[in-house]
Amino acid sequence: MGIEQISVFLENSTGRICEVTKTLAQAGINLRAISISDTADFGILRLIADKTDEAVQTLTAAGFTTRKTAVAAVEIDDKPGSLAALMELFQKSEVNIEYLYASLEGTPGKAVVIFKLEDNEKGFDILGKNNIVMADNF
């Protein structure tokens, strides 16, 4: 279960994010969430697209290196403390969150938190046991 995230590996140079987003736009692919992390030499652009497989095919054909990863996407209330309460569940269960990012796309008054867990099976189980529904799209 979970949602598929696309990671795009980029050299850290001017215009590379523009090339990715322009390539996807020309293919009619809409981005739902996006995040980037970098080092001095390269970056990892992480994104959720409305057409995951088509986005991967399009980017690969354009010469980009990509990878799909299962991540959790959870809708929470867009108010102080909502994220802290969610993170506390994982802390108490000793499940490591490798990284996370968020999107305000979707339901008004809600935020979607996307996170990569060290142990998806255990993390997804914790969410289910606490009646937290994972989004399969947004």
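The values are calculated or read from the model by the stated rules, or taken from the named source; none is laboratory data. Keep in mind that what you see is a predicted model, and the values were worked out from it rather than measured. When we count neighbours, we look across all protein chains shown, and the Cβ atoms used for this are built from the backbone with ideal geometry, even at glycine. Accessible surface areas use protein heavy atoms only, side chains included; no ligands, DNA or RNA. Shrake-Rupley method; radii C 1.70, N 1.55, O 1.52, S 1.80 Å.
Worth a mention:
- Extreme residue, positive dipole direction of the chain, given options N130, L89, G43 (C-beta unit charges): G43
- Compactness of the chain, expressed as Rg and Dmax over alpha-carbon positions, Å: 15.6, 45
- Cleavage-rule hits (GluC sites (Glu not before Pro)) in segment 1-100: DSSP loop, at most 11 neighbouring Cβ within 10 angstrom: E94
- The gain in end-to-end length when the T65 to K79 segment is fully stretched comes to 1.4 nm, 0.36 nm per residue minus the alpha carbon separation.
- Amide H partners (placed H, <5 Å) of I36, local residues excluded: R46
- Amide H partners (placed H, <5 Å) of D78, local residues excluded: K110, A111
- Under 5 Å, built H, 5+ apart or other chain: amide partners of K51: N30
- Theoretical FRET efficiency, 1/(1+(r/R0)^6), r = Cβ-Cβ of N120 and D38, R0 35 Å, to 0.05: 0.90
- Exposure of R46 as accessible area (Å², to 10), given a probe of 1.4 Å and all protein chains: 40 Å²
- Think of a 1.4 Å ball rolled over the protein heavy atoms: the chain then has 56 Å² of accessible area per residue.
- GNM remark for the chain: springs join alpha carbons under 10 Å apart, and the peak mean-square fluctuation among A40, A27, A62 falls on A40.
- Label positions at Q91 and N130, each projected 7 Å from the Cα along the C-beta direction, are separated by 1.1 nm.
- Percent carbon-and-sulfur accessible area, segment 8-138, ignoring ligands, DNA and RNA, probe 1.4 Å: 48 percent
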